[in-house]
Structure formats: structure tokens, C-alpha cells
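Below: the structure, in C-alpha cells.
The values are calculated or read from the model by the stated rules, or taken from the named source; none is laboratory data. As the structure is a computational prediction, the values presented were derived from the model and not from experiment. Cβ sites come from the backbone with ideal geometry, for glycine too, and all protein chains shown count toward neighbours. Just so you know, the surface numbers come from the protein's heavy atoms only, side chains and all, with ligands and any DNA or RNA stripped out. Shrake-Rupley method; radii C 1.70, N 1.55, O 1.52, S 1.80 Å.
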Amino acid sequence: MATPVGNGPAGAAVPARPSSPPAAPGTAPAAPGGGPRVPAQRSRPGTAAAGLMARLARSTSTAPGRLRLAGVLLTVLTVAFGALTAWQLETRAQAADRVVSYSQPLSRDAAEIQRSLADAATTSASGFLLAGAEPDAVRKRYELDLATAARLISEAAARTTATSPAQGSLSTLNQQLPVYAGLVESARADNRQGIPLGGAYLRYASEQIQTVLLPTAAQLAAAEDKELARDYADAKSVPWAAFGLAVLTLAALAWVQVLLCRRTNRVFNIGLLAATAAVLAGSLWLAVTGLTTGSALDRSDRQGATPLRALNAARVDVLSARLAENLHLVARGSTGKYRDQWTAATDNLGTTENLAAAGADQLAAAKGSLPEALRLAPGAAAESVRDAAKDYDTWRLRHTGAGKLEQDNADYQGALNATVSATDTTGTADAAFSLTDQALAKAADAEQQQFDSAAEGTGRDLRTAAGAAAVLGLLAAVAALRGLGRRLAEYR
């Protein structure tokens, strides 16, 4: 009978002693022959990258491997070309849309706010001078000016963002416009009752509009003009990245075709030729659309937006001169302040004698907002500005005549009748001023039409080109893969 091995109790089985201690973590099992244990090898990033490069080198050491690599390269380039071109064109399209539907309308409205306020001040002073004989047309014009300014301020505030620099100006205008209107109503009521305090109220109201409202409106117009200039720059920017990628993609396509021709002695690969044609078509479409839309936007700026800014400056100067003329009579010549304001406004307008018949050289040498408006005015607008210059010369002559009646003859009533009248609608300074203002308004309408006709549709054209570029990029990728796939099939 066998006896159990071990020192334990009888009949108890004793486990065999291990021949070696357990392996430490991170080491390999002992060798079968009892040799020394070898620490486990952990893979390193450099080793993995080296292995990947080795596998890539092995895969491209054969002709099929090189064709597959060329297919991946061309697919990435053609798809990237289509995507980048579409993105850059879409960005330009959005900027062009902003020019047409946002920036330029806001710039135009800001200038119209400034003009409406200046016209309201001028018209209220005219109505004050006429007192009880104030025609309904004068009163309605004043009320229309205030309503137009209030409406445009509200619309501009609704369309601008909270962080826009224009918001501060709009807030000030919105708060101060009712204050000005209240002062004018007080002046009008006192004047109709023959209370001399009415003149003081009107002068105070005019001071408020000249020192607060009009400068704030000018700041608003400047802010909107800067916004318009930024959008113009974005809309007319050249997509250099898209052009650069187009050149790189075409070079890669040509390089692959040359290699295939050398190795296969086949001159043409239909798929690669189609891919090249697609990329080339996308590049040409990009170039042509960029040139045409850029030219249209340049024309809209040159014949519309820029002349409008110059014309609006001249219109405000004309209204400022008219306001000074009226306020001088409201003050009954008690101060030389308004005479100085007339001089400053007419200096800003510039020398206009014989301006209507001036040539290009004379216009280039002339200084002032009215010569500048004529120099920049396109086509039919230029003719209207020339008419305005003629009427302005007539107005200045009549103003000088009224001034002589007041200063030389102490004939205040004669000066007043020569300046503004409820019955004489042709021979007064007011009549010549009205013709000047009407001619400038006609020129502004013509320049706005020039802008609309030139800029309209540029965003749509750019967006169409963006969609075409994306489609052509995908077609080029498919064609390249198909062309290389035919060569790969020959190795199967």
C-alpha cells in the first residue's frame, strides 16, 4: 500500500511545491527549459509609426499600390477644391447680399435722417417767419420730415445689433427728437399769439438740433458708411486660397497622367481628363464670376454709393445755409451769429459760379461739397446737379439782395418778403432754394437707381458659382477614381 508523501496528517494530500516562483507582473513566462525570464516588450509610438511607414512603403512598392495612393491623393484634392471654393464664394455672396439689403440701405437711411432733420429745422423756421400766413404745404412738409426721421430711426434701431456703434447714436436721436418737436410747437404757439418769446423758443430749438441732433445724425451716417465699406471689401475680396488649391489640384492631375503615360504608353486616361476638365471649369467659373461680380460691385460703389455720400453732404450744406438765412431773419439781425453760419455753410458748398458749365479740369480744381457732388455724379444725375448749381447761384444772388435791403436800407419787411413769401413762389430766395433742393433730390434718386441696377443679383451669381464649384469638385473626384480604377482592374 502506497504511503502519502509529505509531512501533513495521515491521508492528506500535500500540494506539490512549484518548481519556480510566480512570474512578476510585466515579465514573460519562464522558458520551457528553465532559462531566465525576458521582460515583456511594450510597443512604442515611434515603433508603431515606423511599422505604418514600412507597410505603406510595401504597399506602394507595387504598381497597384501606387495607383491606390494616387487615387486617395486626387480625391482629397478635388473634393477640397470644391469645398474651399464653394465656401469662399458663399462668404462673398453673403457680403454682397449685405451690401444690397443691409449696409447700403442703412447708410442711405442714416443720410436721410440727417437730411430730414435739417429740412425740418429749415421748414419750421420758414413757417415761423410766415406766422399766420404759413401755407399748409410748409406745415405738412415739416411734419413729414419729423415723421420720416422718427420712422427711419425706429427701423434702423430694429435692424442694427446691440453691439453696433450706431446704437448709441440711434438712442440719442430717439430721445432728443421729441424734445426738439416740443420746443418748435411752443415757438409756433407763442408766435401765433404775437408773444415775442416764440422767437427765443425757435432759436433754442434750432440750437438744439444743430448741436445735438444733426451731429449725432452725422455720427450715425459715418458709422453706417464704415459698415458699408467693410461689406464692400468682403464682397470684392479675391479668393486666393481657392485659386492656389486649384493650381495644386491641376498640377497633381497632370503629374499622375504623365506617370501613367510613361508606364503604360497610353496617352490619354478619360477619367483623369474628365477630372482635369471639371477642376479647370470650376477654376474658370470662379475667375469669371469673381471678375463680373467684382466689376458690378465696383460700378455700384463708383456710380451709386460714393456719389450718394457726396450728394448728401451737399444737400445738408444747402439746408444748413437755408436755416441760417431764416434764423437771421427770426433774430431780426440782432446777432451776427447766423450770418456767420451762412458764410460757413456756403464755404462748405464751395465756389459755384459757372459751375454748371465747368469742364473736367475746372471741376477737379473746384473745392466744396457741391463741386464734389458734380464731379462724382454719373450720367443723368450729373445733369440734375448742374441744374442745382444754377439754382443755387440764383439763390445766392437773391440772398445778397435781401441782405442789402436789411443792412443798407434798414428795410426788414422788404428783406423778409425777398426771402420767404406765402404768395410769391418764383421770385424769392426761398423759391430758388426749393429748386436747388428739388434738383439735388432728383440726382439722389438717379444715383440710387444706378446702385440698385449695378449691385442687384451679385450675391445670386456668387452663390450659383459656389454650388457649381462644389458639384464640379465631386464630379472630378468620381472621374479620377474611375479613371484609376480602370488601370487597377488590369492587375487583377
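If you go through region 309-354 and pick out every residue that is of a type in the set (Asp, Glu) and more than 17 Å from THR400 (Cβ to Cβ), you end up with 1.
Pairs are defined by a Cβ separation below 6 Å, a sequence spacing of at least 6 or placement on different chains, a first member in region 75-93 that is touching a residue at least 60 places away in the same chain (Cβ under 8 Å) and closer than 15 Å to TRP285 by Cα, and a second member that is polar (S, T, N, Q) and open to solvent by less than 10 Å² (accessible area, probe 1.4 Å); the pairs so defined are PHE81/THR249. Cβ-Cβ under 7 Å, sequence separation 6+ or interchain: first residue in region 439-462 and over 30 Å from TYR392 (Cα atoms), partner among the charged types (D, E, K, R) and part of a helix (DSSP H, G or I). Which pairs? Short answer, once both residue conditions are applied: ALA454/ARG299; GLY459/ASP97; LEU462/ARG92.
Screening ARG263 on (1) open to solvent by less than 60 Å² (accessible area, probe 1.4 Å); (2) at pLDDT below 95; (3) not β-branched (Val, Ile, Thr) shows it passes everything except condition (1). All of (1) without any contact (Cβ under 8 Å) to a residue 60 or more places away in the chain; (2) surrounded by fewer than 15 Cβ atoms within 10 Å (Cβ to Cβ); (3) within 30 Å of ALA324 (Cβ to Cβ) hold for ARG192 with one exception: (1).
Checked against (1) touching a Lys or Arg at 6+ places or on another chain (Cβ under 9 Å); (2) open to solvent by 80 Å² or more (accessible area, probe 1.4 Å); (3) at pLDDT 95 or above, THR351 passes all but condition (3). If you check ARG339 against the conditions, is it in contact with a Leu (Cβ under 9 Å, 6 or more places away or on another chain), in contact (Cβ under 8 Å) with a residue 12 or more places away in the chain, within 30 Å of SER116 (Cβ to Cβ) and of a type in the set (Lys, Arg)? So ARG339 does not fit the description; no. For region 154-180, taking the residues that are β-branched (Val, Ile, Thr) and in a helix (DSSP H, G or I), the one that is farthest from the chain's Cα centre (by Cα) is identified as VAL179.
Does region 132-150 include one or more residues that are in a loop (DSSP other than H, G, I, E, B) and on the phi < 0 side of the Ramachandran plot? There is at least one residue in region 132-150 that is in a loop (DSSP other than H, G, I, E, B) and on the phi < 0 side of the Ramachandran plot.
Scanning region 99-112 for residues that are touching a helix residue (DSSP H, G or I) at 6+ places or on another chain (Cβ under 8 Å), of a type outside the set (Asp, Glu) and within 12 Å of GLU224 (Cα to Cα) gives VAL99, TYR102, SER103, GLN104, LEU106, SER107, ARG108, ALA110, ALA111.
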